[in-house]
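Can you read through this structure? Questions will come right after.
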Amino acid sequence: MPKGPGNKSCHNVRTDCTAPGLRQAVLDNLYYVSGNTPVTASAQDWYDAVAYCVRDRMLKAWNEGIERITKALDLRAVAYLSAEFLIGPQLGSNVLALGIAEPLREALATLGQDLDAIVDGEHEPGLGNGGLGRLAACYMDSMATLGVPAIGYGIHYEFGMFTQTIRDGWQVEMADKWLRQGFPWEIVQHEFAVEVGLGGSTETFLDAGGRLRVRWNPEKRILAVPHDIPVIGYGGTFCNVLRLWSAEAVDAFDFGSFSSGDYGKAVEEKILSETISKVLYPNDEPYQGKVLRLGQQYFFVSASLRDMLRVQQMLGKPLDTFHTTFAIQLNDTHPAVAVAELMRLLVDGHGMEWERAWAVTTKCFSYTNHTLLPEALEKWPVELFGGLLPRHLEIIYEINRRFLEEVRAAYPGDEGLAARLSLIDEASPRSVRMAHLAVVGSHAVNGVAALHTELLKTHVMQDFAALTPQKFCNVTNGVTPRRFLALCNPRLAACITSRIGPAWINRFEEEIGKLEAFADDPGFQAQWRGIKRENKAALSALAEKHLGVALNPDAVFDVQVKRVHEYKRQHLNILRVIALYSAIKRDPGAEFSPLAVLFGGKAAPGYFMAKRVIKLIHNVAQVINGDPDVGGRLTVAYIPNFNVRVGQVVYPAADISQQISLAGKEASGTGNMKFGINGAVTMGTLDGANVEMRQCVGEENFFLFGLTAPEVVEVKRNGYDPRAYAATDPVLGQALDMIASGAFSAGDREIFRPIVDNLLYQDEYMVLADFASYMHCQALVMEACRDTARFTRMSILNVARLGKFSSDRSIRDYCRDIWNITPELG
Ligand code: 4GP
């Protein structure tokens, strides 16, 4: 009998996708997996029963996926190496991919259960900081949907991104124990565990053929155990795997110590080993000295490469064709040590000649850069690096020696150039430049938006771009329209499908433009507005429940959700809010269309200024929301613990999306795209992917303000003086004075002094320079919002014209320009 999801006549309890079959499967799981009946089951038991039922229906595609990679000799698969995969809640997206929402809903209803409530109750794995980790997850979704064989390799952190709670307006971090109640989506594959070494020393020896070889004798060994999570493509037929490594002790228990009575020592090794995958590091904090972080990076990279080599050997393919089996993508510099590790495995481990090994290595790797902030480019002090990875440091020196030889041959006498390009920064303390290692070891280097790639080529990596221009290319980011429209905004999705059919879900770029035909249709416009209002009401209900803040669903929802960082300029936004508040106070009777300004996002725990900005936003909110003169026309709210799940409620409810980083600082942004495809109109600077989004939607459908990247450079070159802006713009001057005078801190003039002083005397991200232009833009936004038909048209066109920003398009670009892989589907 044929089996598998989609075959409605099949009655296997693990594959049947009819409502009665699903009902039976859920009941079976409840009974046999959780040891419960519907009478005794908790919400968690129901969730588990449903999750296992859905997972069963993914296993056919999953097993076929693994067979595909391990059996097909001529297949090139992507190995996506990323220290972060922010995958978000799994149940809803897997149900969507399998297309079983309706029968499952029906089945659960007969058991007195609500599918949406079960989906909403999932605790998501927070295995990423923000954009970079979420991008990796969108790419996994697109690769599975397009039929690109891929393995995502990462770290199975025991504690993910911290949970943010707010106490008295301050961010307080709590550990994210995402595994506390188990994670039904993963399968632990003990048989593929590998040992990873750390520390120790190296020695040379002569091999049987009389060749000089090097051996690394690590001081310590840790077991890397793979946890596999299926990533199923839309349609449910193609499945890839996300393989996350967790660290265990090679010997969990030292019986010697135990029998001599030292119980603590008996388990010490276990505890030390497990710390490697214990916790995700927050970004936006200095890397210096975080030896554990380098340990994590090497740990997952080494385990992943050895896993790939195992596949290569299983296929019976010779090692010098390794690059034909795997295209290895380095997601930022976090996995860059892979370049040295693959060389070590090939040269030391398999006795390959250096030149051949280098040719294979550079054909395997490609590197994506995600940041223009110089402080975010990883550098490891040589001493720290050599202590942990002595053999890798030697290999990096050798790579560097050969590389600089080429540089000197091409540019004789230019020692300055050699020093700038070197993999080693000679300034004290000497350090290894991971971005340089990634560039030298890769055949392709890409930025994540056109402007970003341009700035990489002309500024951050100018010398490399001059040396090897052919390596540099751009792949503008994208987001998956499955999770960030079909799943998170079911009302809008149904409305779109009713007009243009369902093909947009996996052919977004090709299909979504058809919506443009309805942009001025009054009936369609009314339906569109009705949906937005319902989405806003849903978010309001949540805000009321969790924050006690009443948001008026008829107000314009103006939203900024993202990591809190000075370059993203949440403080520019709050200055605008203060200015609007002052205007109301000056003339409480004047007309003011209702506006709800919403914020959300986490600050790195050690980032003093960002945490103070969160506090300022809360204090401003408290004053404004409680002021009878405002009368609810202006409301401010901070949505705590912003994560994928919260995003899925926020994006569909926004009218205005705030993308206000200083031009030249945001590599791309992807929140901008998530808002846009849900019909929010962007208020933004010409930064990152905003530039391309504006080109696509048309300048009349985008609210632009602020300096351009070249203007930023120009103003700085001429000596930027923020105080001059505060002195000449009374609105700005007053907003700053209000903060400084304690208007939002019960008279306390100290608490926000660091913010005000920083803005007046430094203002690295030029908040004050862009303020007037931002306020002018604000007036245009309010005017547009009052013209309902015009604004609805803008909103529809934002969705219809953003087809390019599907991650499917990005993945096709990678396949064509970097990986040389032809997607099997679509
Ligand atoms: C982010 C960038 O800041 C953001 O502009 C970009 O859209 C995203 O990567 C994906 O490319 N970087 C990070 C990080 O999240 O940790 O460096």
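I need the full set of residues from the stretch 769-826 which are assigned to a loop (DSSP other than H, G, I, E, B) and either open to solvent by less than 20 Å² (accessible area, probe 1.4 Å) or farther than 30 Å from Ile578 by Cα (or both), in order please. Can you show your working first?
Here is the first cut: in the stretch 769-826, the ones assigned to a loop (DSSP other than H, G, I, E, B) are 787, 801-802, 820-826.
Once the filter is applied, which keeps residues that are assigned to a loop (DSSP other than H, G, I, E, B) and either open to solvent by less than 20 Å² (accessible area, probe 1.4 Å) or farther than 30 Å from Ile578 by Cα (or both), the stretch 769-826 yields Arg801, Leu802, Asn820, Ile821, Thr822, Pro823, Glu824, Leu825, Gly826.
Let me ask something additional. Can you name every residue in the stretch 345-356 that is open to solvent by 30 Å² or more (accessible area, probe 1.4 Å) and either in a loop (DSSP other than H, G, I, E, B) or within 16 Å of the ligand (Cβ to nearest atom) (or both)? Talk me through it step by step, then tell me what you get.
Start the filter on the stretch 345-356 by keeping residues that are open to solvent by 30 Å² or more (accessible area, probe 1.4 Å), which leaves 349-350, 353-356.
Scanning the stretch 345-356 gives His350, Glu353.
Just to verify a result, which residue in the stretch 703-736, among those that are without any contact (Cβ under 8 Å) to a residue 60 or more places away in the chain and touching a Gly at 6+ places or on another chain (Cβ under 7 Å), is most open to solvent (accessible area, probe 1.4 Å)? Reasoning before the result, please.
Looking only at the stretch 703-736, we keep the residues that are without any contact (Cβ under 8 Å) to a residue 60 or more places away in the chain, and these are 708, 710-730, 733.
Now narrow it down to the ones that are touching a Gly at 6+ places or on another chain (Cβ under 7 Å): 712, 726-727.
On the way: Val712: 13, Ala726: 18, Ala727: 86 Å².
Only one residue fits best here, namely Ala727.
Looking only at the stretch 100-120, decide whether some residue is of a type outside the set (S, T, N, Q), open to solvent by less than 30 Å² (accessible area, probe 1.4 Å) and within 16 Å of the ligand (Cβ to nearest atom).
no
In addition: Of the residues Val231, Val225, only one is closer than 26 Å to Ile100 by Cβ, assigned to a strand (DSSP E or B) and among the β-branched types (Val, Ile, Thr); which? Working first, answer last.
Numbers: Val225 fails: closer than 26 Å to Ile100 by Cβ.
Val231 is the lone residue from the list that is closer than 26 Å to Ile100 by Cβ, assigned to a strand (DSSP E or B) and among the β-branched types (Val, Ile, Thr).
If we keep just the residues of the stretch 189-226 that are aromatic (Phe, Trp, Tyr) and within 18 Å of Leu305 (Cα to Cα), which is least open to solvent (accessible area, probe 1.4 Å)?
In the first step, residues of the stretch 189-226 are kept if they are aromatic (Phe, Trp, Tyr); the result is 192, 205, 216.
Okay, now just the ones that are also within 18 Å of Leu305 (Cα to Cα), so 192, 216.
Details: Phe192: 59, Trp216: 27 Å².
Checked the stretch 189-226; the qualifying residue least open to solvent (accessible area, probe 1.4 Å) is Trp216.
Tell me, which residue of the stretch 228-277 that is of a type in the set (D, E, K, R) and closer than 30 Å to Ser807 by Cβ is least open to solvent (accessible area, probe 1.4 Å)? Even if it seems obvious, please write down each step before you answer.
Kept after step one, since they are of a type in the set (D, E, K, R), are these residues of the stretch 228-277: 228, 243, 248, 251, 254, 262, 265, 268-270, 274.
This time we only want the ones that are closer than 30 Å to Ser807 by Cβ, so: 228, 243.
Numbers: Asp228: 0, Arg243: 18 Å².
Per the stated criteria, the residue is Asp228.
In addition: May I ask you to list the residues in the stretch 188-222 that are in a strand (DSSP E or B) and of a type in the set (Asp, Glu)? Please lay out each step first, then the result.
Step one: filter the stretch 188-222 for residues in a strand (DSSP E or B), giving 188, 194-198, 201-206, 212-217, 220-222.
Those that are in a strand (DSSP E or B) and of a type in the set (Asp, Glu): Glu195, Glu203.
Are there any pairs with C-beta distances below 7 angstrom linking a residue in the stretch 357-379 that is in contact (Cβ under 8 Å) with a residue 40 or more places away in the chain to a residue that is open to solvent by 40 Å² or more (accessible area, probe 1.4 Å) and within 9 Å of the ligand (Cβ to nearest atom), with the two at least 6 apart or on different chains, and if so which?
Every condition considered, the pairs that remain are Leu372/Lys665; Leu373/Lys665.
Across the stretch 520-530, what is the number of residues that are in contact (Cβ under 8 Å) with a residue 60 or more places away in the chain and under 21 Å from Leu485 (Cα atoms)?
Narrowing the stretch 520-530 to residues in contact (Cβ under 8 Å) with a residue 60 or more places away in the chain: 520, 522, 524-525, 528-529.
If we keep only those that are under 21 Å from Leu485 (Cα atoms) too, we end up with 524-525, 528-529.
Residues in the stretch 520-530 being in contact (Cβ under 8 Å) with a residue 60 or more places away in the chain and under 21 Å from Leu485 (Cα atoms): 4 in total.
Exactly one of (1) away from the ligand (no atom under 16 Å from the Cβ); (2) open to solvent by 10 Å² or more (accessible area, probe 1.4 Å); (3) within 32 Å of the chain's Cα centre (by Cα) is unmet by Glu394. Its number?
If we test Glu394 against (1) away from the ligand (no atom under 16 Å from the Cβ); (2) open to solvent by 10 Å² or more (accessible area, probe 1.4 Å); (3) within 32 Å of the chain's Cα centre (by Cα), just (3) comes out false.
Does the stretch 280-313 hold any residues that are in contact with an Asp or Glu (Cβ under 8 Å, 6 or more places away or on another chain) and within 16 Å of the ligand (Cβ to nearest atom), and which are they?
Filtering the stretch 280-313 down to residues in contact with an Asp or Glu (Cβ under 8 Å, 6 or more places away or on another chain) leaves 280, 286-287, 298, 301-302, 305.
Within the stretch 280-313, Leu280, Pro286, Tyr287 qualify.
Among the candidates Leu135, Leu146, which residue alone is within 16 Å of the ligand (Cβ to nearest atom) and in the same structural domain as Ala193 (by TED's automatic domain parsing)? Explain how you work it out, then say what you get.
Details: Leu146 fails: within 16 Å of the ligand (Cβ to nearest atom).
The unique qualifying residue is Leu135.
Every residue in the stretch 329-344 that is of a type outside the set (A, V, I, L, M, F, W, C) and open to solvent by less than 20 Å² (accessible area, probe 1.4 Å), please. Give the steps one after another, and end with the answer.
Filtering the stretch 329-344 down to residues of a type outside the set (A, V, I, L, M, F, W, C) leaves 329, 331-335, 341, 344.
Listed by number, the residues that qualify are Gln329, Asn331, Asp332, Thr333, His334, Pro335, Glu341.
For the stretch 672-695, state whether one or more residues are surrounded by 17 or more Cβ atoms within 10 Å (Cβ to Cβ), among the hydroxyl-bearing types (Ser, Thr, Tyr), within 15 Å of Tyr765 (Cα to Cα) and more than 16 Å from the ligand (Cβ to nearest atom). Spell out how you get there, then give the answer.
Our first condition is that a residue be surrounded by 17 or more Cβ atoms within 10 Å (Cβ to Cβ); within the stretch 672-695, this holds for 672-694.
Next, only the ones that are among the hydroxyl-bearing types (Ser, Thr, Tyr) stay: 682, 685.
When the remaining residues are screened for being within 15 Å of Tyr765 (Cα to Cα), the result is 685.
With more than 16 Å from the ligand (Cβ to nearest atom) added as a condition, the list becomes none.
Scanning the stretch 672-695 turns up no residue that is surrounded by 17 or more Cβ atoms within 10 Å (Cβ to Cβ), among the hydroxyl-bearing types (Ser, Thr, Tyr), within 15 Å of Tyr765 (Cα to Cα) and more than 16 Å from the ligand (Cβ to nearest atom).
If a residue has to be away from the ligand (no atom under 15 Å from the Cβ) and under 21 Å from Pro282 (Cβ atoms) to count, how many in the stretch 363-380 make the cut?
Total meeting the criteria: 1.
Among the residues of the stretch 430-440, count how many are under 15 Å from Pro374 (Cβ atoms) and within 14 Å of the ligand (Cβ to nearest atom).
2
I would also like to ask the following. Of all residues in the stretch 289-308, how many are open to solvent by 10 Å² or more (accessible area, probe 1.4 Å) and in a helix (DSSP H, G or I)? Working first, answer last.
Residues of the stretch 289-308 open to solvent by 10 Å² or more (accessible area, probe 1.4 Å): 289-293, 306.
This time we only want the ones that are in a helix (DSSP H, G or I), so: 291-293, 306.
Of the residues in that region, 4 qualify.
Could you please let me know if Leu342 is within 16 Å of the ligand (Cβ to nearest atom) and either among the hydrophobic types (A, V, I, L, M, F, W, C) or assigned to a helix (DSSP H, G or I) (or both)? Explain how you work it out, then say what you get.
On the way: within 16 Å of the ligand (Cβ to nearest atom): no; either among the hydrophobic types (A, V, I, L, M, F, W, C) or assigned to a helix (DSSP H, G or I) (or both): yes.
Spelling it out, it is not the case that Leu342 is within 16 Å of the ligand (Cβ to nearest atom) and either among the hydrophobic types (A, V, I, L, M, F, W, C) or assigned to a helix (DSSP H, G or I) (or both).
Considering only residues that are in a loop (DSSP other than H, G, I, E, B) and not hydrophobic (A, V, I, L, M, F, W, C), which ones fall in the stretch 550-591? Walk me through it before giving the result.
Our first condition is that a residue be in a loop (DSSP other than H, G, I, E, B); within the stretch 550-591, this holds for 550-555, 562-565, 569, 587-591.
Asn552, Pro553, Asp554, Lys562, Arg563, His565, Arg569, Asp587, Pro588, Gly589, Glu591 - these are the residues of the stretch 550-591 that are in a loop (DSSP other than H, G, I, E, B) and not hydrophobic (A, V, I, L, M, F, W, C).
If you don't mind, there's one more thing I want to ask. Exactly one of these conditions fails for Phe557: (1) buried (at least 18 other Cβ atoms within 10 Å of the Cβ); (2) in contact with a strand residue (DSSP E or B) (Cβ under 6 Å, 6 or more places away or on another chain); (3) within 24 Å of Asp813 (Cβ to Cβ). Give me its number.
Status for Phe557: all satisfied but (3).
When you look at Tyr153, is it part of a helix (DSSP H, G or I) and either within 16 Å of the ligand (Cβ to nearest atom) or modelled with pLDDT of 95 or more (or both), yes or no?
Details: part of a helix (DSSP H, G or I): no; either within 16 Å of the ligand (Cβ to nearest atom) or modelled with pLDDT of 95 or more (or both): yes.
Answer is no for this residue.
Show me the helices (runs of 4 or more DSSP H) found entirely inside the stretch 441-549 where at least 3 residues are open to solvent by 10 Å² or more (accessible area, probe 1.4 Å) and within 16 Å of the ligand (Cβ to nearest atom). If you could, list the steps in order and put the result at the bottom.
Numbers: elements: 450-455, 462-467, 490-500, 508-511, 522-547.
Helices (runs of 4 or more DSSP H) meeting the threshold: 450-455.
Within the stretch 633-654, take every residue that is among the β-branched types (Val, Ile, Thr) and away from the ligand (no atom under 16 Å from the Cβ) and give me the one that is farthest from Met161 (Cα to Cα).
Taking the stretch 633-654 as the starting set, the residues that turn out to be among the β-branched types (Val, Ile, Thr) are 635-636, 639, 644, 646, 649-650.
Add one more test, that the residue is away from the ligand (no atom under 16 Å from the Cβ), and what stays is 635-636, 639, 646, 649-650.
Working: Thr635: 29, Val636: 26, Ile639: 17, Val646: 14, Val649: 20, Val650: 20 Å.
Of everything passing the filter in the stretch 633-654, Thr635 is farthest from Met161 (Cα to Cα).
It is to be established whether one or more residues within the stretch 655-665 are away from the ligand (no atom under 16 Å from the Cβ), of a type outside the set (Val, Ile, Thr) and within 21 Å of Asn477 (Cα to Cα).
Let us first name the residues in the stretch 655-665 that are away from the ligand (no atom under 16 Å from the Cβ), namely 655-656.
With the extra rule that they be of a type outside the set (Val, Ile, Thr), the set shrinks to 655.
Still in the running and within 21 Å of Asn477 (Cα to Cα): none.
Within the stretch 655-665, not a single residue is away from the ligand (no atom under 16 Å from the Cβ), of a type outside the set (Val, Ile, Thr) and within 21 Å of Asn477 (Cα to Cα).
The values are calculated or read from the model by the stated rules, or taken from the named source; none is laboratory data. For clarity, every value in this text was computed on a predicted model and none was experimentally measured. FYI the Cβ positions are ideal-geometry reconstructions off the backbone, even for glycines, and counts take in every protein chain you see. With ligands, DNA and RNA removed, areas are computed over all heavy atoms of the protein, side chains included. Shrake-Rupley method; radii C 1.70, N 1.55, O 1.52, S 1.80 Å.
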